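A quick write-up on the structure given underneath.
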Amino acid sequence: MQTDLLKQAADIYGTPLYVYDLPFIIKRITSLKDLFFDLDFRIAYAMKANFNRDLLKTLNNFGLMIDVVSYGEYLHARSIGFAPDRIIVNGNCKKVDQLKTYVNNGVFSINLDSYEELLRLEKIIDSQTNISIRVNPDVDAKTHPHISTGLKENKFGVDFDTAAAMIRRIEKNKYLKLIGFHCHIGSQITEIQPYLEAITSLIDFIEKTGIEIEILNLGGGWGIDYGDGKFLDLNEYRNKILPLLKKTMKTVIFELGRWITAPAGYLISKVEYVKKTRYKIFVVVDTGMTHLIRPALYGAKHKIIPLYPSNDRKMIVADIVGPACESSDVLRKEYKLPEPAEGELITICDVGAYGFAMASEYNLIPKPIEVIWDGEKFIKSS
């Protein structure tokens, strides 16, 4: 997104400010449909990445499905207009009354996360219900431990032996229809090999059990370039994995969040102080971990660009820090940038996923405003 548009948004709405580039998101979705034109697939947007109403309305209008991981997300999706038969319900802690709602509403699939969840569902079910089993293939996704979900020590999903036992039980229940398997091994994955291992093991399991299913839900986790040059090569994904998927003759579902919206998001912030000590320089800005917790939580490194004239500025190395009363409220450590002046603006890039969605009001610091750039004008989100 052009820097002059970002500055224009800040002039109108002030800072801190989240800006989302809607044309980029639409282009992202279109490019995926073009890349996998010969595959029977559907996209289910992972709402946990970004639940902005205006973005979700656009995705709904494009006919995308949606992946929800909580009852609150389910109600949010319904309020926006997503029909139950386009909602996939994930999560490892579905309560009894919530399961009843999903069953009564007829969601596309309840993805069972445990054998115990199957037992709970059996007690309340009285009508035909589509379910999938979340399988944990014990594959190392080579990502940050906090966002790895496919190892045996992770809390999500079941191993293949447990999945086999669940299948035997499901086959005896006239109300349960096993439509597929779900496999999500982590987030921000930039290598093909973990996917290859997970999908191969899942297909082998299906062939060994001889179970007839309709759906292969491969989750998401596609890594984007956060400025380090690492990202998932989708052409390589197509070349190595598509032949496996096409051979199964199943409908494939990709649950994508970060890949669709992260690069479309910008967090604009104002420099309040340039604090110089004997040991280092701190650029103190009006946003931080309460608005973008990824650096504090995951050690994430977001690219930060100045929105001020920088050609004639002295380059400095500084910690860019926020206003929260926590030493971990650091957006970047020892970051090289042209020296800013008080009141000038910076923007933090690639924050369209797990940015505002994870924001809090810790220290009673208000959350930022969110605005959408629709290609012609800015729209303040409600």
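The values are calculated or read from the model by the stated rules, or taken from the named source; none is laboratory data. Values in this document were obtained by computation on a predicted structure and should not be read as measured data. Positions of Cβ are backbone-derived with ideal geometry, glycine not excepted, and every protein chain shown enters the neighbour counts.
Remarks
- Residue within the stretch 182-192 that is free of Cβ contacts under 8 Å to residues at least 24 places away in the same chain and at positive phi present: no
- Given (1) closer than 20 Å to T15 by Cα; (2) within 21 Å of the chain's Cα centre (by Cα), number of the condition L297 does not satisfy: (1)
- Restricting attention to the stretch 191-220, the residues that are within 18 Å of T251 (Cβ to Cβ) and either in a loop (DSSP other than H, G, I, E, B) or not assigned by TED's automatic domain parsing to the domain that holds M249 (or both) add up to 7.
- Flag for L244 being surrounded by 19 or more Cβ atoms within 10 Å (Cβ to Cβ), of a type outside the set (D, E, K, R) and touching a residue at least 12 places away in the same chain (Cβ under 8 Å): no
- All of Y74, Y102 fail the test of being assigned by TED's automatic domain parsing to the domain that holds F156, free of Cβ contacts under 8 Å to residues at least 40 places away in the same chain and of a type in the set (S, T, Y), apart from Y102.
- Criterion applied to P23, P84 was being touching a helix residue (DSSP H, G or I) at 6+ places or on another chain (Cβ under 6 Å) and touching a residue at least 24 places away in the same chain (Cβ under 8 Å), and the one residue passing it is P84.
- Residues being of a type outside the set (F, W, Y) and either assigned to a strand (DSSP E or B) or surrounded by 13 or more Cβ atoms within 10 Å (Cβ to Cβ) (or both) - total across the stretch 361-382: 12
- Of all residues in the stretch 337-382, those satisfying the criterion of being of a type in the set (S, T, Y) and at pLDDT 95 or above are T347, Y354, S360, Y362.
- For I66: the one exception among (1) under 20 Å from I133 (Cα atoms); (2) touching a Ser or Thr at 6+ places or on another chain (Cβ under 8 Å): (2)
- The stretch 95-136, subset in a loop (DSSP other than H, G, I, E, B) and more than 24 Å from the chain's Cα centre (by Cα), residue nearest to I211 (Cα to Cα): Q128
- Residue within the stretch 120-135 that is assigned by TED's automatic domain parsing to the domain that holds I189, in contact with a Gly (Cβ under 7 Å, 6 or more places away or on another chain) and among the β-branched types (V, I, T) present: yes
- Screening the candidates Y18, Y13, Y71 for the property of being surrounded by fewer than 20 Cβ atoms within 10 Å (Cβ to Cβ) and touching an Asp or Glu at 6+ places or on another chain (Cβ under 9 Å) yields one hit, Y71.
- Residue, surrounded by the fewest Cβ atoms within 10 Å (Cβ to Cβ), within the stretch 32-68, restricted to residues that are small (G, A, S) and not in a helix (DSSP H, G or I): G63
- From K280, K230, residue being charged (D, E, K, R) and in the same structural domain as D319 (by TED's automatic domain parsing): K280
- Within the stretch 1-55, tally of residues that are of a type in the set (G, A, S) and in contact with a strand residue (DSSP E or B) (Cβ under 7 Å, 6 or more places away or on another chain): 4
- Look at the stretch 41-70: where a residue is touching a residue at least 24 places away in the same chain (Cβ under 8 Å) and not assigned by TED's automatic domain parsing to the domain that holds I372 and a partner is basic (K, R) and surrounded by 19 or more Cβ atoms within 10 Å (Cβ to Cβ), sitting 6+ places away or on another chain with Cβ atoms under 6 Å, you get A49/R258.
- Subset tally (residues that are of a type in the set (K, R), touching a residue at least 24 places away in the same chain (Cβ under 8 Å) and either out of contact with any strand residue (DSSP E or B) (no Cβ under 7 Å at 6 or more places or on another chain) or more than 11 Å from I346 (Cβ to Cβ) (or both)) for the stretch 268-318: 5
- The set of residues from the stretch 317-338 being under 18 Å from R278 (Cα atoms) and crowded, with 16+ Cβ neighbours inside 10 Å comprises A318, D319, I320, V321, Y335.
- Unmet criterion (only one of (1) more than 23 Å from L331 (Cβ to Cβ); (2) modelled with pLDDT of 95 or more; (3) assigned to a helix (DSSP H, G or I); (4) under 21 Å from the mean Cα position of the chain (by Cα)) for F24: (1)
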